[in-house]
Amino acid sequence: MAPQPPAKYQPLGRAEGQACGALGLLATAYYAIPLGLNSRTERAYEAALESVPGATGLINVEIKEDWAWILLATTRCTTITGDAIKEIKG
């Protein structure tokens, strides 16, 4: 999921990010329309990085998936938590 951490880094604190997508039904259960499903893990990772100013990566990453029915669709959310780090060059 997360890239290898750099050789030298500074821990910055705990980070968390969430992204959701939906799977809408069209006419019957056999015709489904994905809405943002495939990119939700990447978007959650980016949101986690953005939650800590200066973060360039995450270590000790945990992923949590939740889903719920909404009328004729399901929503699926991915939450990523981890320790934010900043690469130290040199």
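Every number here is computed from the coordinates shown, using simple stated rules; none is lab data. Remember, predicted model here, so these are calculated numbers, not experimental data.
Some values worked out for this structure:
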read-out	value
Principal semi-axes in Å for the chain [√(5λ), Cα gyration tensor, largest first]	34, 11, 9
Whole-number percent relative contact order across segment 9-87, with pairs defined as alpha carbons under 8 Å at least 6 apart	44 percent
Backbone HN-Hα couplings from phi across segment 81-88 [Karplus 6.51/-1.76/1.60, Hz, Gly and Pro as x]	10, x, 8, 6, 10, 10, 5, 9
Sequence-distant residues sharing a close amide H with T56 (under 5 Å, placed H)	I85, K86, E87
0 to 90° range, to nearest 10: angle between helix 40-50 axis and the chain longest Cα axis	40 degrees
CD proxy at 222 nm, helix term only [per DSSP H run n ≥ 4: -39500 (n - 2.57); per residue of the chain; nearest 500]	-3500 deg cm²/dmol
